[in-house]
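Down below is the structure, laid out as C-alpha cells.
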Amino acid sequence: MLTISDLQANIGEKQILKGINLTVKAGEVHAIMGPNGSGKSTLASVLAGREDYDVTGGSVDFEGKDLLDMAAEVRAAEGIFLAFQYPVEIPGVSTTNFLKTAMNEIRKYRGQDSLDAVQFLRLMKEKMKLVNIDQSLLSRALNEGFSGGEKKRNEIFQMAMLEPKLAILDETDSGLDIDALRIVAEGVNALRSPERATILVTHYQRLLDYIVPDYVHVLYKGRIVKSGPKELAFELEEKGYDWIKAEVEEAGV
Amino acid sequence: MTNQPQENSPVSTFRDRLLAGFRASEERMNGETKSPLHQVRRAALQTFETLGFPTVKHEEWKYSNVTSLINKAYELEQPSSITADDLAPLQIPNLSGNILYFVNGQYRADLSRIVSPTSEVQILPFREALTEQSEAVGAYFSRIADFQDNAFTALNTAFAFDGVFIRVPDGKTVTEPIILRFITDARSNSVAAQPRNLIIVGRNAEVKIVESYRTLGDEASFTNAVTEVVVARDARVEYYKVQNDTDQSYHIGTTQVRQSDNSLFYSATVTLNGGFVRNNLNIVLDGEHCEAHMYGLYIPNGKQHVDNHTLVDHAKPNSYSNELYKGILEERSTGVFNGKIYVRPDAQKTNAYQSCKNVVLSPDATMNTKPQLEIYADDVKCSHGTTTGKLNEEALFYMRSRGIPQEQAKTLLMFAFAEDVMTKIKIDPIREYLEGVVAQKLAM
C-alpha cells in the first residue's frame, strides 16, 4: 500500500528526515516510536502533505501513485487520514458541517454522489457510538473549547466517518487519561480490516497495550534505526531509548 | 511653465454647486426661510463653508482621502425613472414589515408600504414631519448630531429636507421592523443624496430599524446621510445598517445616538460593497445602566475603502458598552477602524469592551486600526484589542487534510469569521439574505 524510499525532508535549512525507508501493507499496523525530536511527527506531517516541510529527496508510493505529487486534499481523497497531535480549533464551523463538506468533496473526487442529509446523519449516529461522542459536541464549533480527550475522540470519529485506507495517528495518546485512551483505541481497533493500514506515531508504549501493532520501528535522528515485532515496544518501555542511541553512536552513523 | 492661479478647481466646483443648490432651495421656500429650523440649516451651511471638506491633514480623516469624492459633478436633485419592477430584484425574500423607499434621497410613497398602525409608531417622510411633527422635530433635530466640527454633518444639516421621521410613543413595541431602503439611481447621471433621519424612541418603547443603501448603475454617486436617534429611558432599539453600493459610490454616513437610563441600543453595520465608505457611529450614554452593542462587518475587495469610526461616550455611571468589528480585506482594498471610548469623570463602574479583528488576504490590502480610550474615572473595566493577520494556516491545512480543497477551505474559514458578526443580526430574513451575499462575495 505504502512504500517510503529514502525520504528526506527539511524545515527551513534544517534536515529532519534523513532517509526513511518503510513499507506498509494492507491490513498491517505499524508503530513508529522514538525519543522526542527524532522526526516522528515530521514523518506524519510529510505523509499528510503539510507544506511547511520541503521534501529534498526520496519518494513515497501510495497504491501505485506518487503521494508527494499530491495536494493535501487529494491525499485525503485518495484515502490518507492524519489524526492530529494538536487538532486545530476552528471557530464558526461546526464539526457536522465540516465533515459533511469533507465527505462530499471526497465523494466527488471518487465520482460518487453526495450524501443527503438523512444518509449523512444516519452514518454519523452509527460512528458516534464507536467513540462515545455526543451529538451536542458535534454541533459546536470544531474543537473549540473541547477538552484534550474530546479533541482526540473527535479525530477518531472523523476517521471513522471518512474510512481511510491508511490512517496515520500522530501521538493520539498524548494527554489522554486511561479511559479516554481506551475509547480511542477501541475506535481504532474497530476500523482495523484487511483492506486498511494504520501507522501509529507514539512516544510511549502505553497505547500499544490497546492497539497491538504488527511492527515496531524506532526513529532516531531522522532515520529508522531499528525495526522489530511488537515485543520491541516492551523492550523500549523497560529500557528506554538510551540503549538504542548508544547502538547508533557505536555504529558511527 | 506659467504660474497662473488655478480657477474653478473641481473641488470648488462641487462646493459652488452645493452653495448654488442651497440658494435655489431657499428661493422655492417662500416664508419657510424664516422658520427656526431653516435658521439651523443656514448656520450649518455657514459652518460647512468655514470648515470646507476635510483633508488627510485632519486627524479624523488621516486614512480616508475625500479628494476624489468631491472632485465630481454630482446632480443634487436628480429625478429617477425607477419603478417597482426595477426594484423587484432587490427584494429580500420573506421580509415582512414597513418598507420605505427613498430614491436619490427622495421618499417614494408609490414604492413604499407602511404596515404598522400609527398608534404603535409614526413613520413620516422627513419633509412632512417638519410641519406635522414640528414640535418633536424642533426638540431634537440637530440637537443630537452636532455639526460644529464635522463638515459632512454640517452639509447634511444644511440640506435636511428628505429622509424619515420615526417616533415610537412611550410604552409601545413596534412589532414589525422598519426597513429604510435608500436607493441611488446612478444609471444615467452622477447623483448626490443627503438623507436626514430622525428617530425618537419613547420611554419603555421598542423598535427595530434597518437602514439599507444600494446604488444602481455605473455613474458616480455621493451619499451623505445623517441619522439621529433618541433613546428614552427603558427603551430598546435594534439598528442595522447595510451598505451594498458600487465601486463608483461614495458613502458618508453618521449615526448619532443618545441614550437615557436603562436603555438598550443594539447595532450592526454591514458593509458589503462600496468604493468609498465612511461610517460614523457615535453613541452618548447619557444615563445610568445603559447598554450599547456595536457590531460591524466589512469585506472590501478591488480598490474599495471602508472606514468605520465609532465613539462611545460614557457620560454617566454604571453603563455597559461592547463592540466587535470584523473585516476581511482582499486585493487592493483598504480599511480603517477607529474606535473611541470616553469614560467621563462621573462614569464610575463603567464596563466598556472593544475588539476589532481583521483578516488581510492580499499583500496589497491595508488595514489601519486605532483604538482610542480616554478614561477619566478610576473604577472602571475597559478593554480593547485589535488583530490583523492572515487566514489561519493551521486551520487551512487541517481542513485540507480532511479532503476540503484549498479554495473552499479558505471560503469556509472566511465565512465562519464573518458569521461571528452575521449571527448578531436578529431579523432572520435579513440575516439569511446577507449571509447569501457575503458567501457569494467571499467565494474564491
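Each value in this text was obtained by applying a stated rule to the coordinates, not by laboratory testing. A quick note: this is a predicted structure, and the numbers were derived from the prediction, not measured. Ideal geometry is used to build each Cβ from the backbone, glycine not excepted, and the neighbour counts take in all protein chains shown.
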field: Relative contact order %, the range B:391-444, counting alpha carbon pairs below 8 Å whose residues are six or more apart
entry: 38 percent
message: Using the crude model of +1 on Lys and Arg Cβ and -1 on Asp and Glu Cβ, and no other charge, please compute the dipole size for the range B:391-444 relative to its Cα centre, in debye to 20.
response: 40 debye
field: Per-residue HN-Hα couplings for the range B:276-292 [Karplus 6.51, -1.76, 1.60; θ = phi - 60°; Hz; x = Gly/Pro]
entry: 9, 10, 10, 10, 10, 10, 10, 10, 9, 8, 9, x, 8, 6, 8, 10, 10
query: Label residue B:33 and residue B:351 with points 7 Å out from Cα along Cα→Cβ: what is the distance between them in nm?
result: 5.5 nm
- request: Would you mind working out the magnitude of the charge dipole of the range A:2-251 relative to its Cα centre, with +1 at each Lys and Arg C-beta and -1 at each Asp and Glu C-beta, to the nearest 20 Debye?
  value: 540 debye
- line: Restricting to lysines and to Cα separations under 17 Å from residue A:65, and discarding same-chain partners fewer than 8 apart, the set is A:25, A:165
task: Scan around residue A:196 for amide H atoms under 5 Å from its own, H built in the peptide plane at 1.01 Å from N, and keep only partners 5 or more places away or cross-chain.
output: A:27
message: Classify chain B from the C-alpha gyration tensor, please: rounded if a/c falls under 1.5, else prolate or oblate depending on whether a/b exceeds b/c.
response: rounded
message: Looking only at chain B, where both bridge partners belong to it, what percent of the DSSP beta bridges are antiparallel (to the nearest 5)?
response: 5 percent
message: To check you understand DSSP bridge types, tell me what percent of the beta bridges within the protein assembly as shown (both residues inside) are antiparallel, rounded to 5.
response: 15 percent
query: Which value, in debye to the nearest 20, gives the size of the charge dipole of chain B about its Cα centre, when Lys and Arg are +1 and Asp and Glu are -1 at the Cβ?
result: 340 debye
task: Quickly work out the residue A:69-to-residue A:204 label distance, labels modelled 7 Å from Cα along the C-beta direction, and quote it in nm with one decimal.
output: 4.2 nm
- prompt: Taking amide hydrogens as modeled 1.01 Å from N in the peptide plane, which residues meet the under 5 Å criterion relative to residue B:324, leaving out close sequence neighbours?
  reply: B:294, B:295, B:296, B:355
message: Report, in listed order, any pair from A:40/A:226; A:18/A:151; B:357/B:410 with a Cα-Cα distance greater than 22 Å.
response: A:18/A:151
query: Expressed as a rounded percentage, what relative contact order does chain A have, with Cα pairs under 8 Å and six or more residues apart?
result: 28 percent
Residue-by-residue Karplus 3J(HN,Hα) for the range B:352-361, coefficients 6.51, -1.76, 1.60, Hz, glycine and proline x: 9, 10, 9, 8, 9, 10, 9, 10, 10, 8
message: Nearest 5 percent is fine: what portion of the DSSP beta bridges confined to the range A:119-237 is antiparallel?
response: 50 percent
statement: Here the relative contact order (percent) of the range B:289-444, from C-alpha pairs under 8 Å and at least 6 apart, is 20 percent
field: Where trypsin sites (Lys or Arg not before Pro) in DSSP loops with at most 14 other Cβ within 10 Å are excluded, longest remaining stretch of chain B
entry: B:144-302
- request: Consider a paramagnetic label point 7 Å from the Cα of residue B:83 along Cα→Cβ; state which residues of the range B:97-126 have an amide N under 15 Å from it.
  value: B:110-111
query: When we measure straight from the Cα of residue A:100, which aspartates and glutamates land under 19 angstrom away, once same-chain ones fewer than 8 places off are left out?
result: A:73, A:78, A:89, A:113, A:116, A:126, A:134, A:144, A:155, A:163, B:407, B:419
